[in-house]
1. Looking at this structure, is residue 37 modelled with pLDDT under 90, closer than 25 Å to residue 170 by Cβ, touching a strand residue (DSSP E or B) at 6+ places or on another chain (Cβ under 8 Å) and outside the structural domain of residue 169 (by TED's automatic domain parsing)?
2. Which condition number does residue 55 fail, the rest of (1) hydroxyl-bearing (Ser, Thr, Tyr); (2) at pLDDT 75 or above; (3) assigned to a helix (DSSP H, G or I) being met?
3. Would you be able to tell me the number of residues in region 85-95 that are touching a residue at least 12 places away in the same chain (Cβ under 8 Å) and either part of a loop (DSSP other than H, G, I, E, B) or crowded, with 18+ Cβ neighbours inside 10 Å (or both)?
4. Look through 146, 125 and report the one residue that is free of Cβ contacts under 8 Å to residues at least 12 places away in the same chain and more than 21 Å from residue 69 (Cβ to Cβ).
5. What residue, among those in region 109-126 that are touching a strand residue (DSSP E or B) at 6+ places or on another chain (Cβ under 7 Å) and among the hydrophobic types (A, V, I, L, M, F, W, C), is farthest from residue 156 (Cα to Cα)?
6. Residue 82 - would you say it is of a type in the set (Phe, Trp, Tyr), surrounded by 15 or more Cβ atoms within 10 Å (Cβ to Cβ) and either at pLDDT 90 or above or under 16 Å from residue 151 (Cα atoms) (or both)?
Amino acid sequence: MYYANEKNNLPSQKPKKGLKGWIKEITSMLIVMTLISTAANWFFTRDMPSGVAPSIVGHTLDGQPVNVAQLSKDKPVIVYFWATWCGACKFVSPVIEFIAQNNTEQSKHIFSVALSSGSDERVQRFMTAKEYQFAVLNDQNGQLSRDWNISVTPTVVVIEQGEIKSIATGVTAAVSIWFRSLFM
């Protein structure tokens with residue numbers, strides 16, 4: 001981009017930013033992004049439950065029994081609400097998979113709930129195609145999403161001692177859950 005030179009009205013180049021200028025610009029952008037994502041997260045989670053977690057009891061696609069309240073008594077449980085058709089889930093699912101595969105102790109406490117994603121077979125084909133191995137409960141009839149008032153995917157919930165400790169939505173859920181998993 002060129003700017004007129006004050007002396008002779010000829011085009012001149014914009015002065016280059018130094019390192020300080022770039023740091024200031026990046027910091028400003030990070031602050032704005034943090035404020036926007038915090039506001040969005042508050043907006044999308046305002047109707048979700050707090051305190052005692054609604055029940056999540058069932059069987060995973062591979063037939064394993066799940067009772068999140070019971071499991072959360074020993075160690076925090078991560079519950080990941082997602083869908084096969086969810087665009088933002090493309091960014092969060094690999095993080096969930098990474099945590100599940102690289103922390104075998106924690107992987108016993110990571111469960112996902114596939115929302116409105118079709119039959120068990122369809123969800124299993126999706127998981128196989130993406131090479132995901134984290135545990136999945138298929139919410140085919142939408143009962144779990146109604147119980148939890150899930151209005152946006154992805155949503156990641158941390159449950160400890162049967163209580164909801166944190167909820168994160170959207171693509172920022174990936175960063176939140178990765179950071180949280182470091183301390184679990």
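The values are calculated or read from the model by the stated rules, or taken from the named source; none is laboratory data. As the structure is a prediction and not an experimental result, all values here were calculated from the model. Every residue, glycine as well, gets a Cβ built from its backbone with ideal geometry; the counts of neighbours run over all protein chains shown.
1. Values: modelled with pLDDT under 90: yes; closer than 25 Å to residue 170 by Cβ: yes; touching a strand residue (DSSP E or B) at 6+ places or on another chain (Cβ under 8 Å): no; outside the structural domain of residue 169 (by TED's automatic domain parsing): yes.
No, not satisfied.
2. (3)
3. Number satisfying all stated conditions: 7.
4. Going through 146, 125 in turn, the sole match is 125.
5. That would be 123.
6. Numbers: of a type in the set (Phe, Trp, Tyr): yes; surrounded by 15 or more Cβ atoms within 10 Å (Cβ to Cβ): yes; either at pLDDT 90 or above or under 16 Å from residue 151 (Cα atoms) (or both): yes.
It is true that residue 82 is of a type in the set (Phe, Trp, Tyr), surrounded by 15 or more Cβ atoms within 10 Å (Cβ to Cβ) and either at pLDDT 90 or above or under 16 Å from residue 151 (Cα atoms) (or both).
So that you can scan it fast, the table gives a plain yes or no per residue for (1) within 17 Å of residue 56 (Cα to Cα); (2) modelled with pLDDT under 85; (3) in contact with a Ser or Thr (Cβ under 7 Å, 6 or more places away or on another chain):
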residue: 125; (1), (2), (3): no, no, no
residue: 133; (1), (2), (3): no, no, no
residue: 148; (1), (2), (3): yes, no, no
residue: 162; (1), (2), (3): yes, no, yes
